[in-house]
Structure formats: structure tokens, C-alpha cells
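These notes are about the structure you will find just below.
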Amino acid sequence: MRGEAAQPVQAWVDYFRDLGIHDFYRPGGPAPLAGDEALEAAATPAAMAPLDLAPLPGPAPVPAASMPDRAAALLAIRNDIGDCTRCPLAYAGRRKIVFGDGSPTARLMFVGEGPGADEDAQGVPFVGKAGQLLNNMIAAMGLARAEVYIANIVKCRPPNNRVPEPVEANTCSQFLLRQIDVVGPEVIVALGATAATYLLGVKQSLGSLRGRWHACRGAKLAVTYHPAFLLRDPSQKAEAWKDLRMVMGELGLKPPARG
Ligand code: URA
């Protein structure tokens, strides 16, 4: 297999190599294949507010809309954000606002924590090392990255990649919620504890949230490990794969054909 056609399969192979699986067999085949987002807000009492654990408002009904309508609705949200100064992250060295990436009609949406250095430079979520792993996870699910929608709890990079402060996440989340309502995914995957906390309005251990379905804005929500965590602790990739299999089952997805 050559060129573009080989890329999804290579990503799938890369992901399984990361999982420690190196030998691939064609069913009935003879030999194993060679193998892997203001200071003014900061001055308000809200800035001192503790983590807002009230469930996020909603869910809003999602009207069936065409791809161009949803793309236009997403653009309207981006325009509302503007050159945002609503929270302190606007003054913390941000280069680009990282809005979101992917299909406006995606059945599956991934939500991370916040942009890192690569994302801040490019204005696109998950384009660094963690993004490469996320791409491989998506490919292993039998999907192209362009088929899903990817966004973060905050759209500006927290300095030194720290966890977003509650005032930052709670200020920014209105835009993420609007994105979710426009795209109307069947399934949302919360990548890591920050995404899970703000999407579900509960602060619980990742372990207690994984392996079961939650509800968010009319979508089913699954919780899994953040790809950056998986890069630090690859031994958890098999557990993450279990979470993705649960999502695949819900969406009727099969891993891409081998060979
Ligand atoms: N980590 C995240 O949570 N989001 C990104 O976009 C990149 C890294």
C-alpha cells in the first residue's frame, strides 16, 4: 500500500505498536506482516470563585442542520470570541486562540484540557506530540481526524501548560458548549480529568469515571486518559483502548481492515 492510502493503516500500526503489539496477521494469511484557548475578569469576585461544579447548563436541543449551516454557526461562535480578553489567559503569553478542528457534523467529539506550545503557535488543537498520539488513536478506531471534532476546555494556552484555573475554564466553557450544540455529536470523549470535570460538573477520579457512560448536552460521554498522560505512562494505553472500544461499540465502528 502506498501514499495517502497507507497513512491511516500506518497510524493504526503505530498505535498498536505503542500498545506493545508488534505482530499483525492477515486472517488466513501465511506470515506475520511487518510491523505503529482578563485581567478585568480577574478583578471580579468570579475570579476568586472555586471550581464551579454545577452541571453545565443544557442540554440544548440540537436542530438537524446541514454541513454549511453548522460550519457557519461555528464561524459565528469564533467571531463572538474575537480577540478574547475575558480571562487572564489573554494576558499570559497567548499567541493564537485555539478554537477547534474537524467536521462540523462529526458523530464523535474529543475534548482536551487546553492548548500547549505547538497548538498556541499553530492555532489548531492537538498538533504536538500528544496530538500525534490522538491521531493514532482516532485512526485505530477506523476514523480519519477530519471526521471527528476536536476542542479544548480553554482556548488559550495556560502558561507552562498548567491546569486551567476555574475562572478560566468557567469563562471559556460557554464557547465550548455552543460548539458542542452546533456539532451535535453522538459521543463525546473527555480526554483527562480537566475535561471530565468541566463537562460533567463533577470532580472525581478518572478511574471512577472511566468504563461507563455519562450524559453531556444530549450526547453520551466517555472518559479516558489524556494522550499526554499516555505518553508519560504508556502502560495505560491498553486501558485507554478499552475506553475507545466502548466508544466504537456505541458508534458501530470497526478497526480498519488489516493489510
Ligand atoms: N493538550 C490538550 O489538552 N489540548 C491540546 O490541544 C494539546 C495538548
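Output the relative contact order of region 113-259, whole-number percent, from Cα pairs under 8 angstrom with separation of 6+ residues.
25 percent
Length available on full extension from residue 121 to residue 66: 0.36 nm per residue minus the Cα-Cα distance, which gives 16.7 nm. Solvent exposure of region 154-259, expressed per residue, is 40 Å² of accessible area, with all protein chains present and a 1.4 angstrom probe. Shown for region 187-259: the carbon plus sulfur share of the solvent-accessible area, taken with all protein chains present and a 1.4 angstrom probe, equals 53%.
Rounded if a/c is under 1.5, else prolate if a/b beats b/c, else oblate: with a ≥ b ≥ c from the C-alpha gyration tensor eigenvalues square-rooted, which is region 103-259? The shape class here is rounded. Here the 3J(HN,Hα) profile of region 186-197, calculated from phi with Karplus coefficients 6.51, -1.76 and 1.60 at θ = phi - 60°, is 6, 10, 10, 10, 7, 8, x, 5, 5, 4, 4, 4 Hz, Gly and Pro shown as x.
Ignoring any ligand, DNA or RNA, what whole percent of the accessible area of region 95-172 comes from carbon and sulfur when the probe is 1.4 angstrom?
46 percent
Of the residues 213, 252, 154, the one whose Cα sits farthest toward the positive end of the charge dipole of region 153-259, with +1 on the Cβ of Lys and Arg and -1 on the Cβ of Asp and Glu, is 252. Applied to region 83-89, the Karplus parametrisation 6.51 cos²θ - 1.76 cosθ + 1.60 on θ = phi - 60° returns per-residue 3J(HN,Hα) values of 8, 3, 10, 6, 9, x, 5 Hz, with x for Gly and Pro.
Hey, which of these cross-link pairs are over 24 Å Cα-Cα: 155/254; 155/237; 129/242; 96/129?
155/254; 155/237
Packing-based ranking of 152-158, 165-171 yields 152-158, 165-171, ordered from highest to lowest mean Cβ neighbour count within 10 Å. Among the trypsin sites (Lys or Arg not before Pro) in region 62-100, those placed in a DSSP loop whose Cβ has at most 15 other Cβ atoms within 10 Å are 95. What you get for region 102-204, charging only the Cβ of Lys and Arg (+1) and of Asp and Glu (-1), is a dipole of about 80 debye around the Cα centre.
The values are calculated or read from the model by the stated rules, or taken from the named source; none is laboratory data. Keep in mind that what you see is a predicted model, and the values were worked out from it rather than measured. Please note: Cβ atoms are built from the backbone with ideal geometry, for glycine as well, and neighbour counts cover all protein chains shown. Keep in mind that these areas ignore ligands, DNA and RNA; they rest on the heavy atoms of the full protein, side chains included. Shrake-Rupley method; radii C 1.70, N 1.55, O 1.52, S 1.80 Å.
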